[in-house]
Amino acid sequence: MAYAKCMREHGVSNFPDPTQDSGGGVKLVIPQGVDQNSPTFKSAQSACQSLLYQGDTGDAAGSRAFDATKVAAWAKCIREHGVPNFQDPQVNGNTIIIDANAAGLSGRDDPKFSKAAEACYSIRPGGTLAFMGGPQQ
């Protein structure tokens, strides 16, 4: 939402708000009539880049690289909200790979992770979360 608002504030008046897709991800469709090659659009895009949700959004290839600083900040937030052994995750394309063993989590539905993820949602870098393993018994 912040990115869309920023784009409008920087001259792209008909820039849409993102919506949620059927899988729970963020979907942003630029409508016809928005000239993505115009100087106004490019200037707004540059000014608002830091607000862009990561994952399947961005460059002409269909995705852009994750900002390692944002991934690290999200991981730090997860640690601060109840998962102290949460490591900075690996990134593969638009997938964030989480080592559940190292974090002491049973997986995506672990209550500790769910609570921390909710607290840190506003800075989640986007993309897909993949959990590997689970705690050793």
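Computed from the coordinates by the stated procedures, all read-outs in this text should not be read as laboratory data. Everything quoted here is computed from the prediction, not taken from an experiment. Here the Cβ is made from the backbone with ideal geometry for all residues, glycine too, and neighbour counts use every protein chain on show.
Structural remarks
- Efficiency of FRET between K115 and N37 - r from beta-carbon atoms, R0 41 angstrom, step 0.05: 0.40
- Which listed pairs, of K27/K76; K27/K115; K70/K115; K76/K115, have C-alpha distances above 22 Å, in listed order: K27/K76; K27/K115
- A crude spin-label estimate for the pair Q90 and R108, with each label 7 Å from Cα along the Cβ direction, gives 1.9 nm.
- Multiplying the residue separation of S46 and A2 by 0.36 nm and removing their Cα-Cα distance gives an extension gain of 14.4 nm.
- The Cα-based radius of gyration and maximum Cα-Cα distance (Dmax) for the stretch 64-137 are 11.3, 38 Å.
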